[in-house]
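Comments concern the structure below.
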Amino acid sequence: MIDLLKTETAKVLDVVDEAPGLKTFVLEPANAMRFSPGQFVFVSKLGVGESVFAISSDPRESGKIAVSVQALGKNTNALHELDPGESVGLRGPYGNSFPIDEWRGKRVIVIGGGIGLAPLRPVIYSLLGRKHEFQSLSLIYGARLPELLVYKPELERWKGEMDVHLTVDEAKDGWHGKVGVVPKVMTDLALSPENAVAVICGPPVMIRFGHIALKDLGFSDEQVYTTLEMKMKCGVGLCGRCNVDHRYICKDGPVFRMDEINHLE
Amino acid sequence: MTWIVDDLESLVKFLRGKGTVYAPVDSGGTYFGELAREQEPELDGLSDVSARHLFQPMTHYYLKFEDRPDATAGFRDYDTAPRVVLGMRPCDVKGLEVHDRVFAESESYRKLRNATAIVGYLCPARDPTCFCDSVGGAPLSREGMDVSFYRTDDGKFVVTAETDRGRTLMQDAPFASAAQVPAPTFVEADHPKLETLGLAEFLNGTEGSDVWKDIGFACVNCRVCTYVCPTCHCFTVTDEVFATEGGRATVWDSCQARSFTKEASGHNPRAGKPERVRQRILHKFNYYPKVHGALMCSGCGRCIKGCPTGRNIVEELTLLRGGARS
């Protein structure tokens, strides 16, 4: 299977500090890479290791992709040392993508928590790029603390282009947005399921309670999409670890409609 | 085409001219190793370890660099010089069907497979822990073998070319061809029996069963069951750096290891033994069948023989069925 793991190279174009311990790397792949919102890539430094990241950039931008990296382990800490101009290993894109075409004419509600906004950012870029095709677009996004909200310049810009609700679990001086966990904000906003689609990504606990909140609001599982994450090593459905039931998240996912996975733990 | 060969030595000598010969060799335990000069294959009993490593190397550096980690590392494919694997049993060959399905999209795997002729040995006797006939195999099955052979009562060997590759391999064989040969015999004995009718479907409802706790109780996380298995194929990808070289390798891994699914954040979806033993058993008897329409077990029984705490997958599946029913 080794031929399926061949790695290309990419040049680091830009490094953006998003939040403490969290940076976005804008990469220029040696071979042009086209991707759809929801797909992921492996980024590596040879001799250190490969790690998997959701692509967080605008799919309409050709010639570059971005990944947002939280420094947690050996590989991600090594990536955080990268400066513009340096080279990394890159392979992908892998996985399925959000079926945005199927959402035409609907009210699309994007719900994110913390770094869970990374795989949703390409969705938002795509939705805004064809805004007229949807009845309405909303974003509900939260983090534990104000400084942990990512993509701040985009959040400001999006406020003018869609319905944006920001929240933090714990407010600090200077915070003027909502306070409370994302599922609470969803409930407070009394989101209507009528002609709506909800797309949710965040920490497992947020997805769980967000899903419960959506159900209570009257959303059926067919109206809710999420993207799952698990440790991955190959990305092509072979290494055996990212399965939930018989489905490999890397190959059959990472994007699922809730009714496809709600019977699983 | 069938030949009578007087002794194993002659067959081995002939096959050595066709490529590197691998066969079960005794090294404290038996495993498939490169057959050294003058070395006799160990054909008695099932080898302790399957031939999996010949089709999925335990460790393979597919990117390798010398001196400096940032040096440009080229892709290193598998060594695909011609090989002959002698003495794989019907269960080993059937196990390879799993690798053929799972790695079907890999050109590297296909090349390695095509460079290999399988000279399979029909089972002379039942191993106390094997159960191939419960899972769709048979001790005398020639399925998947390029060449088959078995020992006759008078100590000779009946060798038959089964496929085109086998016929090509044997085309200049210096042996006496035979029209009439004694049929292979098989000495039966007590062995585990597994009811597989409806098993995959039955297991659909067992993810939350408490029986996984009972099954996991005796497990000591040693992973032997997954390393001796001819159908297991999970691996990891790792970067290693040594004094003068380093690279990125695929290495066998095991779903029975705690670290297998542990994420950098510390979160582990299969943190406990019940979840891990469930993954192994359901992968073989439920998940894989859902995708491929076949069981991921060839009944070799090595996992039963190798388990240091006496776990037995046949008993466990039976327990699961009975336990979950009551």
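The values are calculated or read from the model by the stated rules, or taken from the named source; none is laboratory data. Please read all numbers here as calculations on a predicted model, not as lab measurements. Note that we place each Cβ from the backbone using ideal geometry, even for glycine, and neighbour counts take in every protein chain shown. The protein model used for the area step is the full one, side chains on, heavy atoms only, and it has no ligands, DNA or RNA in it. Shrake-Rupley method; radii C 1.70, N 1.55, O 1.52, S 1.80 Å.
Side notes on the structure shown:
- Positions within the stretch A:28-40 being in a strand (DSSP E or B) and crowded, with 24+ Cβ neighbours inside 10 Å, in sequence order: A:F40
- Selection status of A:G240, in contact (Cβ under 8 Å) with a residue 24 or more places away in the chain, crowded, with 23+ Cβ neighbours inside 10 Å and within 14 Å of another protein chain (Cβ to nearest Cβ): no
- Residues that are in a loop (DSSP other than H, G, I, E, B), in contact with a helix residue (DSSP H, G or I) (Cβ under 7 Å, 6 or more places away or on another chain) and away from every other protein chain (no Cβ under 14 Å) were ranked within the stretch B:211-263; the one that is most open to solvent (accessible area, probe 1.4 Å) is B:N221.
- When we screen A:D14, A:D3 for residues that are surrounded by fewer than 24 Cβ atoms within 10 Å (Cβ to Cβ) and part of a helix (DSSP H, G or I), the only hit is A:D3.
- Qualifying residue in the stretch B:182-202 (condition: open to solvent by 20 Å² or more (accessible area, probe 1.4 Å), more than 30 Å from B:E275 (Cβ to Cβ), over 26 Å from the mean Cα position of the chain (by Cα) and among the charged types (D, E, K, R)): no
- Residue within the stretch B:155-164 that is part of a helix (DSSP H, G or I), open to solvent by 40 Å² or more (accessible area, probe 1.4 Å), out of contact with any helix residue (DSSP H, G or I) (no Cβ under 9 Å at 6 or more places or on another chain) and more than 14 Å from every other protein chain (Cβ to nearest Cβ) present: yes
- Any chance A:K233 is open to solvent by 40 Å² or more (accessible area, probe 1.4 Å) and not in a helix (DSSP H, G or I): yes
- Reported count of residues in the stretch A:243-265, each being among the aliphatic types (A, V, I, L, M), part of a strand (DSSP E or B) and without any contact (Cβ under 8 Å) to a residue 60 or more places away in the chain, is 1.
- On the stretch given as the stretch A:81-92, residues that are touching a residue at least 60 places away in the same chain (Cβ under 8 Å), open to solvent by 20 Å² or more (accessible area, probe 1.4 Å) and away from chain B (no Cβ under 12 Å) total 4.
- Residue in the stretch B:143-150 that is away from chain A (no Cβ under 14 Å), over 30 Å from B:P289 (Cβ atoms) and in contact (Cβ under 8 Å) with a residue 60 or more places away in the chain present: yes
- Considering the stretch A:218-230, the residues that are open to solvent by 20 Å² or more (accessible area, probe 1.4 Å), part of a loop (DSSP other than H, G, I, E, B) and more than 30 Å from B:R101 (Cβ to Cβ) include one that is nearest to the other protein chains (Cβ to nearest Cβ), namely A:S220.
- Filter pass, A:A78 being assigned to a strand (DSSP E or B) and open to solvent by 10 Å² or more (accessible area, probe 1.4 Å): no
- Of the helices (runs of 4 or more DSSP H) lying entirely inside the stretch A:123-217, those carrying at least 1 residues that are open to solvent by 70 Å² or more (accessible area, probe 1.4 Å), within 14 Å of chain B (Cβ to nearest Cβ) and free of Cβ contacts under 8 Å to residues at least 60 places away in the same chain are A:204-216.
- Residue within the stretch B:76-99 that is within 14 Å of chain A (Cβ to nearest Cβ), modelled with pLDDT of 95 or more and not in a loop (DSSP other than H, G, I, E, B) present: yes
One line per residue, one yes/no per condition, for (1) at pLDDT below 95; (2) more than 30 Å from B:V224 (Cβ to Cβ); (3) of a type in the set (D, E, K, R):
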{"site": "B:F14", "(1), (2), (3)": "no, yes, no"}
{"site": "B:G19", "(1), (2), (3)": "no, yes, no"}
{"site": "B:D48", "(1), (2), (3)": "no, no, yes"}
{"site": "B:H53", "(1), (2), (3)": "no, no, no"}
{"site": "B:P69", "(1), (2), (3)": "yes, yes, no"}
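- Selected residue (criterion: farthest from the chain's Cα centre (by Cα)) from residues of the stretch B:264-286 that are among the aliphatic types (A, V, I, L, M) and within 9 Å of chain A (Cβ to nearest Cβ): B:A264
- Within the stretch B:34-70, considering residues that are in a helix (DSSP H, G or I) and in contact with a Lys or Arg (Cβ under 9 Å, 6 or more places away or on another chain), the one nearest to the other protein chains (Cβ to nearest Cβ): B:F55
- Single unsatisfied condition, A:G95 versus (1) at positive phi; (2) surrounded by fewer than 21 Cβ atoms within 10 Å (Cβ to Cβ); (3) within 19 Å of the chain's Cα centre (by Cα): (2)
- Residues that are out of contact with any Gly (no Cβ under 8 Å at 6 or more places or on another chain) and over 14 Å from B:G136 (Cα atoms), drawn from the stretch B:77-97: B:D77, B:Y78, B:D79, B:T80, B:V85, B:L86
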